[in-house]
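Just so it is clear, none of the values below were taken in a lab; they were calculated from the coordinates. It should be emphasised that the depicted structure is a prediction, and the values quoted were computed from it without experimental measurement. Cβ coordinates were reconstructed from backbone atoms using ideal geometry, including for glycine residues, and neighbour counts include every protein chain displayed.
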Amino acid sequence: MKFSIIIVTYNRHKELFNCLESITRTLTPHPYEVIVIFNGDRTYMEKCSQTFKKFSLHFIHKTTPSAARNLGISKARGEYVFFLDDDCTLPETYFSLVDFTQNWDVLGGPDQTPQVSSTLQSTIGRALSSPLCMGPTYKRHTIRGGYLSSTSEKSLILCNLWFKKSLFTEERFQFNPELFRNEENYLLKELKNSEKVLHHSPHLFVYHQRKNNLESLGSAIIKSGECRIQNIALLPQKKEAFYLLPLLWLGLLCWMTFHPQSILTNAFIVYTALVALYYVVTYKAFSFRYIFLHYFILGTYSIGLIKGIWKFYPMFYSNLRENKSLIKESSSK
């Protein structure tokens, strides 16, 4: 068995069926298996088993996605494991772009907005691929750029991520079962600290359904910010400080709101103009929705960071005292 596709799902049967159907339409000369972990919801498990009889389906009582992924790994027989989200679909040529001859331990690519999406979803997709909005993590959402033979978790996203299975079976790495979100970031940092080889291919993309309203988008971003602080608290590193920059952005925005005559107002005018220019140059189009989403994403992410600091500060302080170098040895081995 060359590779195992692992999908963790919860209460998204329509998206899951679309995902599994897209897998059946892909072409690959390699033998593979599909493992679906139903995390706390078996409502559509029987229907799924009848439709996709060759796929391996498993149920686990409601737990963290990390623990569910670890279960999937324990069931996998492939030489490689490929993690795919249940709301993603694969292009038909996807597997032809996976180069198993490259010396990588981890391989990932970006996600893209499906071609059939609402105006809001398309706008969200473009905002996620903007470096002015996502900073160094924008590569997770864009097919621009070249192949990276040495990268980090900043360029990799869990909905489209490959691992050598030996990392889990022989070297005993695992997803931290305590993490509800951003679990791949913590694992990838551990692998990078252990000098594993992480590759990024911008053309190895999947289609990932975007949120269809601002409420669900804001909720997901706030949770990401909160879990980013949990990641930093568990594995403190100096280079993680750039993830806190949105806090500075939010602080300056609040200051400007109460001091509109401040020189800082000019900085936000320049930022807004740069956002507008970016979309005109990149997409030959402009809408005030782009500017609004940049401010919305940065603002909600900052709120998540604040929540995370409030919640996980004791953990961060404890780990910082134990390890003044800010680099903690892998605890997964």
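Given only helices, namely DSSP H runs of n ≥ 4 each adding -39500 (n - 2.57), what is the per-residue ellipticity at 222 nm of the chain, to the nearest 500 deg cm²/dmol?
Working: 11 runs with 149 residues, N = 333.
Only helices count here, giving -14500 deg cm²/dmol.
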Report, in listed order, any pair from 14/164; 14/223; 192/238; 165/196; 62/211; 53/164 with a Cα-Cα distance greater than 21 Å. 14/164; 14/223; 62/211; 53/164
So how tilted is helix 264-283 from the main axis of the chain? Cα-based, degrees 0 to 90, rounded to 10. 40
Measuring from centroid to centroid over Cα atoms, what is the spacing of the stretch 208-224 and the stretch 256-317 in Å? 16
Connecting every pair of Cα atoms under 10 Å apart in the chain and solving the GNM, the largest mean-square fluctuation among 117, 262, 201 falls on 262
How would the stretch 222-322 be classified by its alpha-carbon gyration tensor: rounded, prolate or oblate, with rounded meaning a/c under 1.5 and the a/b versus b/c comparison settling the rest? prolate
Taking neighbour counts of Cβ atoms within 10 Å as a proxy for exposure, in what order, fewest first, do 77, 126, 172 appear? 172, 77, 126
Kindly list the residues of the stretch 34-63 that lie in the label zone of residue 26, defined by a backbone N under 15 Å from the point 7 Å along the Cα-to-C-beta vector. 34-36, 55-56
For residue 239, counting only aspartates and glutamates whose alpha-carbon sits under 19 Å away and dropping same-chain residues fewer than eight positions off, the answer is 153, 183, 184, 190, 195, 226, 322, 329
Report, to the nearest 10°, how far helix 65-75 tilts away from the longest principal axis of the Cα atoms in the chain, using its own Cα long axis and a range of 0 to 90°. 20
Round to the nearest 0.05 the FRET efficiency obtained for residue 258 and residue 152 when R0 = 30 Å and r is the Cβ-Cβ distance. 0.20
Restricting to Cα pairs under 8 Å and 6 or more apart, the percent relative contact order of the chain works out to 19
Acute angle (nearest 10 degrees) that the helix 183-193 long axis makes with the longest principal axis of the chain, alpha-carbon atoms: 90
Expected output is a single nm value to one decimal: the length gained when fully extending between residue 169 and residue 2, i.e. 0.36 nm times separation in residues minus the C-alpha distance. What is it? 58.6 nm
Please identify, among 165, 75, 14, the residue showing maximal mean-square fluctuation in a Gaussian network model of the chain using a 10 angstrom Cα cutoff. 14
Between residue 240 and residue 317, how many nm apart are label points set 7 Å from Cα along the C-beta direction? 1.7
Gain upon complete extension [residue 41, residue 10; 0.36 nm per residue less C-alpha separation]: 10.6 nm
Rounded to the nearest 0.05, what FRET efficiency do residue 93 and residue 53 give with R0 = 41 Å and r taken as the Cβ-Cβ distance? Could you check? 0.95
tail above 24 Å in the computed P(r) of the chain, as % of all Cα-Cα pairs, reads 58
